[in-house]
1. Tell me, how many Å apart are the Cα centres for region 101-145 and for region 326-347?
2. Could you tell me how many degrees, from 0 to 90 and to the nearest 10, lie between the Cα long axis of helix 349-369 and the main elongation axis, the longest principal axis, of the Cα atoms of the chain?
3. With label points built 7 Å along Cα→Cβ from the Cα atoms of F231 and Q477, find their separation and express it in nm.
4. Relative to the longest principal axis of the chain, what angle (0 to 90°, nearest 10) does the C-alpha long axis of helix 97-107 take?
5. If you take the charge dipole of region 171-288 about its Cα centre, with +1 on Lys and Arg Cβ and -1 on Asp and Glu Cβ, which of Q194, G241, I287 is farthest toward its positive end?
6. Suppose every Lys and Arg Cβ carries +1 and every Asp and Glu Cβ carries -1, with no other charges. What dipole size does the chain come out with about its Cα centre, to the nearest 20 debye?
7. Could you size up the charge dipole of region 379-499 around its Cα centre, putting +1 on the beta carbon of Lys and Arg and -1 on that of Asp and Glu, and report it in debye to the nearest 20?
8. Given that just one value was derived from the coordinates, which of (i) 48, 29, 23; (ii) 42, 29, 20; (iii) 41, 24, 24 is semi-axes √(5λ) of the Cα gyration tensor in Å?
Amino acid sequence: MAAKEKSLAVSYGSNFRRDQDTIQASSSIESPKASEDFERGFRFWAIIVGLATSSLLASLEHTVLTTAAPHILQDLDLEENFIWVTNAFFVSSTALTPLFGQLCNIFGRRWVFLPIIALFTLGSGICGGATNGGMLIAGRAIQGAGSGGIVITSNIIISDLCPLRKRGQYMAVILSIFGIGAALGPFIGGAIAQSTTWRWVFYINLPIGGLCLLIMFLFLHTEYRDDRSFFSKIKRIDFAGNGILMAGTVAILYSLTYAGTIYPWSSWHTLVPLLLGLLILVLFIAIEASGIIPEPVMPVRLLMHRTSIIVLINTFLNSVVYFWYLYYLPVYFQAVSLYSSMRAGYSLLPQAVAGVPGAMIAAISLSRWGKFKLIHFLGFALTTLGMGLFSILGKHTVIAEWAVFQIITALGIGIVIDTLLPAFQAPASEADQATATATWGFFRAFGCIWGVAIPSVIFNNRIDQNLYTVSDSTARQLLGGGGAYQQASAAFVQKFPLNVQEEIRSLYISALDRIFWIGAIFAGLACLLVLLEREVPLRKQLDTEYGLKKEKLSQADTEKNDSSTS
């Protein structure tokens, strides 16, 4: 195994690319029987259920605070540090993703996934019992690590259970559940916070997390052959690469957190950590490509195919756009339409309903025809259209209009989200599937950070530019300097006289118009990049060292099998 990986690592450039194409082309020529040559018994479906349930947990925590935030702010004195309740989650989720992928190769899938579920559940308990802002932020960081680990290891496990050609169908189930959870997060958060206490937004994860842990403990038994000692395995971890990547990610997020709100973009407080973070990422790439590290956490050989590079960029852009509208559409419902937090939550249901069939249709199409380029183009084209339509939302937009806009956007994102990973895995060898999945997962999670940060900058700047249109000085003070997002609620707007309410709503409309138009540009860029993709054959045969363990046969069954083969 190690020798094979080492030989691949030195095969850079056009020779490696040509060899990979040859491998993929030959592997796609198989018998029809090969495509079905993988186990789908009771254990298989039990694992799928466990992965889907754990993905629901992980996804809810991405968006559940968008509507529960005002209630948390009332209880805990966070002030401007409230942003770290979200960002601590995202930074730990993103920075640890490649490490989890490497640990899956070193220690096997089972003994990485189970502690991750426990970690997420622990973080949820800490958040629910938080007595101050620091405790809540710490719990969110632990939650984020668990959430990122759940997402990436779920995809790795699916890759072990299914051949590449069929993989999209089962990933569609998991990622559709993830999309439903992210979409329902605002509704669940608003409903719980409004009816009981915001603490149950986190406590509800405890019994569900326990159930996931039980299911996976009972049924997730995968092959793992490595007789090396524990300390020998520890030495295989790319500590340098992981440490540098984490440092760069944290520096960039720190800069984005306060840019345009606490500190201006031209301030050294913003520029120093941002530039430092980017330089650290360049250093990370240099070290990973140097050959110094025996088992790099993100080997450069994964980026030797043109399609791989395009898919990673588009994974980042798709994630950016997804969180772009998922975080700012509730602002429209609460600050412009003046919906309650609960109503704003269930007003997002159309996109949840549309995303699932889009994902399933795309996954089935990919499995049937083995072509992903047209699917990607269609998905990003619909996303571009939907984001553009969001920009015309106003005070008097009827329900049917914003529901259709959501359906178009969610359909586009759903079509793409399940087909990007198989496209990235296709040029990679079977030995690199976990590493490729973790690399893809990092770019996806990294996009989540920018999907919140970029529109926040645009939104706050637009608010500050047009703040003069609000006649009330108190309202201007609360909305300026990055306060508009936190104040985006019907309760806040309705505190003022009717004429001021109209001014505040118009202010929000102008800012939302700007961010959704720019969001459409991001989606349109991804649509154009798809044209540069090259179709790579998807393997039909499952070839992995980490598949399900074969159940032991009884002596009678063994004798029967022996007699049938003789």
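1. First find each Cα centre; the distance between them is then 29 Å.
2. The angle comes out at about 30 degrees.
3. About 6.4 nm, to one decimal.
4. For helix 97-107, the angle is close to 20 degrees.
5. Q194
6. Numbers: 39 positive and 36 negative charges, 111 e Å.
Computed charge dipole of the chain: roughly 540 debye.
7. Details: 5 positive and 6 negative charges, 98 e Å.
Result for region 379-499 is approximately 480 debye, rounded to the nearest 20.
8. Entry (iii).
A short reminder: the numbers here are calculations on the coordinates, not readings from a lab. These numbers were taken from a predicted model, which means no experiment stands behind them. Cβ sites come from the backbone with ideal geometry, for glycine too, and all protein chains shown count toward neighbours.
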